[in-house]
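Dropping the structure in here first, questions after.
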């Protein structure tokens, strides 16, 4: 069965510091992997996705993620955190042919001055 | 227009009420989804419609009844809900329903069942 595990339910960084949010996946077939962000009282917005093209994927708002098959990881990074990056971040894997997304438990990112 | 619009934004209902949640998109997408999100939890898939036909029902109780009248509209009819059904209900859409597609989410309906 396909699944994702997000390490760390809460991450706190200083403004301007590196952001690293961890995601490991489990899949018996090449996966489609996604990072979504959810701001308070809002729906989810796609940051980026991996669909077996380039292993380094660039997304919106300066985020990027690298697919590492040997480590079964798809960690999300941003070189310099902004206050506006404070939100809940979900890693997700697509299961089957109908875009059935399975989300990780989420990581709440706090950015302090 | 890249929006998914959900109404109402908030809904309070009793356990004997019947209510409906509505979702609309005008991006020409042919797949639409209902997700349920409990507080501080990830979204969980409930239903998927592809080309106006129900393609996935994640063993959702029959007190939740989805409907897709046309390719732009998705409804979720609610009847005899329980307090544990209180949650944020998110609608989403994607182009064809393929596994590599981006989902566009609405802002959700915050449902409280008393």
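The values are calculated or read from the model by the stated rules, or taken from the named source; none is laboratory data. Nothing here was measured: the structure is a model prediction, and the numbers come from that model. Every residue, glycine among them, receives a Cβ derived from its backbone with ideal geometry; neighbour counts consider all protein chains shown.
In segment B:28-50, how many residues are in a loop (DSSP other than H, G, I, E, B) and either within 17 Å of residue B:3 (Cα to Cα) or within 11 Å of chain A (Cβ to nearest Cβ) (or both)?
Residues flagged as in a loop (DSSP other than H, G, I, E, B) and either within 17 Å of residue B:3 (Cα to Cα) or within 11 Å of chain A (Cβ to nearest Cβ) (or both) within segment B:28-50 amount to 7.
How many of the residues in segment A:88-113 are more than 11 Å from chain B (Cβ to nearest Cβ), part of a strand (DSSP E or B) and surrounded by fewer than 18 Cβ atoms within 10 Å (Cβ to Cβ)?
The qualifying residues number 2.
Also, I was wondering about something else. With A:12, A:52, A:28, A:70 as the choices, which residue is at the interface with another protein chain (Cβ under 10 Å from one of its Cβ atoms) and over 28 Å from residue B:3 (Cβ atoms)?
Only one candidate qualifies: A:52.
Return only the number of the condition from (1) in contact with a strand residue (DSSP E or B) (Cβ under 8 Å, 6 or more places away or on another chain); (2) under 22 Å from residue B:106 (Cβ atoms); (3) assigned to a loop (DSSP other than H, G, I, E, B) that residue A:42 does not satisfy.
Just one mismatch for residue A:42, condition (1).
Can residue A:81 be described as touching a strand residue (DSSP E or B) at 6+ places or on another chain (Cβ under 8 Å), within 10 Å of chain B (Cβ to nearest Cβ) and part of a loop (DSSP other than H, G, I, E, B)?
Here the answer is no, as residue A:81 does not meet what is asked.
Looking for something over 30 Å from residue A:60 (Cα atoms) and within 10 Å of chain A (Cβ to nearest Cβ) - is there at least one such residue anywhere in segment B:80-93?
Looking for residues that are over 30 Å from residue A:60 (Cα atoms) and within 10 Å of chain A (Cβ to nearest Cβ), one finds none in segment B:80-93, hence no.
Just to be sure, is residue B:54 exposed (fewer than 13 other Cβ atoms within 10 Å of the Cβ), part of a strand (DSSP E or B) and either out of contact with any helix residue (DSSP H, G or I) (no Cβ under 8 Å at 6 or more places or on another chain) or without any contact (Cβ under 8 Å) to a residue 24 or more places away in the chain (or both)?
When the stated conditions are applied, residue B:54 passes them.
Name the residue that is farthest from the chain's Cα centre (by Cα), counting only residues in segment B:1-12 that are at pLDDT 95 or above and surrounded by fewer than 19 Cβ atoms within 10 Å (Cβ to Cβ).
The qualifying residue farthest from the chain's Cα centre (by Cα) is B:12.
Now, a different point. Among the numbered criteria (1) within 13 Å of chain A (Cβ to nearest Cβ); (2) without any contact (Cβ under 8 Å) to a residue 60 or more places away in the chain, which single criterion is violated by residue B:70?
(1)
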